[in-house]
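The values are calculated or read from the model by the stated rules, or taken from the named source; none is laboratory data. Source: prediction; values computed, not measured. Ideal geometry is used to build each Cβ from the backbone, glycine not excepted, and the neighbour counts take in all protein chains shown.
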Amino acid sequence: MADNLEALVDANGSETIAGVVVEPMQGSAGVIVPPHGYLKKLRSICDAHQILLIFDEVITGFGRLGEWFAADRFGVIPDMIICAKGVISGVVPLGGVIVRDSIYNEIMVGPSHLVEFFHGYTNSGHPLACAAGISAINVYESEGLLAKSSKLEIELEKAIHSLRDEAHVVDIRNIGMAVAIEFETRNNQISMRVMEIFQYCFDHGVMIRYTGDIIAIGPALVCDETEIEAIIETIRSAIRAIA
Amino acid sequence: MSLELEPFWMPFTHNRMFKKSPRLIERGEGMHYQTSDGHRVLDAISGLWCSNAGHRHPKIVQAVKDQLDELDFTAPFQSGHPKAFMLAEAIKKISPAGLNHVFLTSSGSEACDTALKIALAYHHSTGEVQRTRFVGHEKGYHGVGFGGISVGGIDANKKAFKASLLPGTLHLPHTHNLSKMAFSKGQPV
């Protein structure tokens, strides 16, 4: 599958390609988990052609996969990591790009009294966001939430796959604290079934997410097993209540 | 409570349907929300994949409150404050080896567009000015900036903007093969 990148590079000329941007696990599309070896192969093709590899870890970063980053989980180091969401535990808006030394150093050139990179936001490094981020990282470390996430992953996997034989379920995908259940489309109306499942769950005290014909769940790392059970059983009841 | 719903244009939402029958969250703590009509809801999605430490974690809340007692805002250009440097160092310490510099933004969307500009600036500096194209994935989501939707692969997010996307962006097929991978646990083979 990663050979597709080689094919694209051959067809278009590697010398025109600046970078490859991928989510190590595609979250918004419904928890699409990379096959074994896929990211390693992307890394080696990028290396061969001096193409930058950029991991979008907005969802996968900060413990969602039981490690600080998917790069750690999958053993592949990109040239840049895009992050947000978990870095501040949602408390104050913040995002970041973590950059390899060689990229930074290449841009830090020219007369030193002049701006090197003409880019930045009014709220880059906002004091409240930084305070939240420093504290969130500290909480993840001091409360052992990454290790907790790894343990919970096992429970979550077992629980979510127990829905396999429920009506209209066509796929279940999981990694870390990220799970998706894909359903058959009903009457060619994309999202109708999962919207009803979402509403049922909400009415019965559980907030999930839906997109296309997929429902997704991604509980916080402070979750416990009874909460995982409550989530799964509410989803099960929803599936059984909805046509 | 009488709340005027119409002026707020909600993001990624069916505005008309929602405003007929709104679901409003008013409070949050740990794994739970409380709605405007007093119902308790278990948050199974960490807000939107964000609240990994749960809602209103007391240490994070206190850190923000303490910060408000010191400094609310200062110019980020040609001036600095210690917390930005401390956060960048904290991120560096937990990042993979060799990734030692952090550019801060207000969102993932901004971070993605920033990464694309950093990549272009890098190649520009090395003299490889012809390296201007990016490769994304089908079904990829990289926020909603013009850069992010260009490298992203979700058609609904790009449909109305096709004439204004970054030129020459390429897309890899996504890796999901339902017939071969259905019900995989963790990484498919």
Which is at the interface with chain B (Cβ under 10 Å from one of its Cβ atoms) and more than 30 Å from B:LYS59 (Cβ to Cβ), of A:SER142, A:SER135, A:SER191, A:SER162?
-> A:SER191
Only one of B:PHE183, B:PHE161 is in contact with a His (Cβ under 8 Å, 6 or more places away or on another chain) and either without any contact (Cβ under 8 Å) to a residue 40 or more places away in the chain or crowded, with 19+ Cβ neighbours inside 10 Å (or both); which?
-> B:PHE183
Mind listing whichever residues of the range B:98-134 are within 13 Å of the chain's Cα centre (by Cα), crowded, with 23+ Cβ neighbours inside 10 Å and not aliphatic (A, V, I, L, M)?
-> B:THR105, B:GLY108, B:GLU110, B:CYS112, B:ASP113, B:THR114
Restricting the range A:16-47 to residues that are in contact (Cβ under 8 Å) with a residue 24 or more places away in the chain and part of a helix (DSSP H, G or I), which is nearest to the other protein chains (Cβ to nearest Cβ)?
-> A:TYR38
Subset of the range A:57-94 that is free of Cβ contacts under 8 Å to residues at least 60 places away in the same chain and of a type in the set (Phe, Trp, Tyr) - its residue that is surrounded by the most Cβ atoms within 10 Å (Cβ to Cβ) | A:PHE69
What do you reckon, is A:SER237 touching a residue at least 24 places away in the same chain (Cβ under 8 Å) and more than 18 Å from the chain's Cα centre (by Cα)?
-> yes
In the range B:135-189, anything of a type in the set (D, E, K, R), on the phi < 0 side of the Ramachandran plot and within 20 Å of the chain's Cα centre (by Cα) is listed as B:GLU138, B:ASP155, B:LYS158
What residue, of A:VAL97, A:VAL109, A:VAL139, is surrounded by 14 or more Cβ atoms within 10 Å (Cβ to Cβ) and either touching a Pro at 6+ places or on another chain (Cβ under 7 Å) or farther than 20 Å from A:LEU221 by Cβ (or both)?
-> A:VAL97
Does A:ILE45 satisfy the condition of being crowded, with 24+ Cβ neighbours inside 10 Å and not acidic (Asp, Glu)?
-> no
Counting residues that are more than 7 Å from chain A (Cβ to nearest Cβ), within 29 Å of B:ILE25 (Cβ to Cβ) and free of Cβ contacts under 8 Å to residues at least 24 places away in the same chain, which helices (runs of 4 or more DSSP H) fully inside the range B:40-153 reach at least 3?
-> B:58-68
Does A:ILE82 qualify as being part of a helix (DSSP H, G or I), in contact with an Asp or Glu (Cβ under 8 Å, 6 or more places away or on another chain) and either assigned by TED's automatic domain parsing to the domain that holds A:ALA216 or not small (Gly, Ala, Ser) (or both)?
-> no
Those residues of the range A:48-61 which are over 24 Å from A:ILE214 (Cα atoms) and at the interface with chain B (Cβ under 9 Å from one of its Cβ atoms) amount to A:GLN50, A:ILE51, A:LEU52, A:ILE54
Just wondering, is there one or more residues in the range A:166-178 that are more than 23 Å from the chain's Cα centre (by Cα) and surrounded by fewer than 16 Cβ atoms within 10 Å (Cβ to Cβ)?
-> yes
Is one or more of the residues making up the range B:23-38 more than 9 Å from chain A (Cβ to nearest Cβ), in contact (Cβ under 8 Å) with a residue 24 or more places away in the chain and in a loop (DSSP other than H, G, I, E, B)?
-> yes
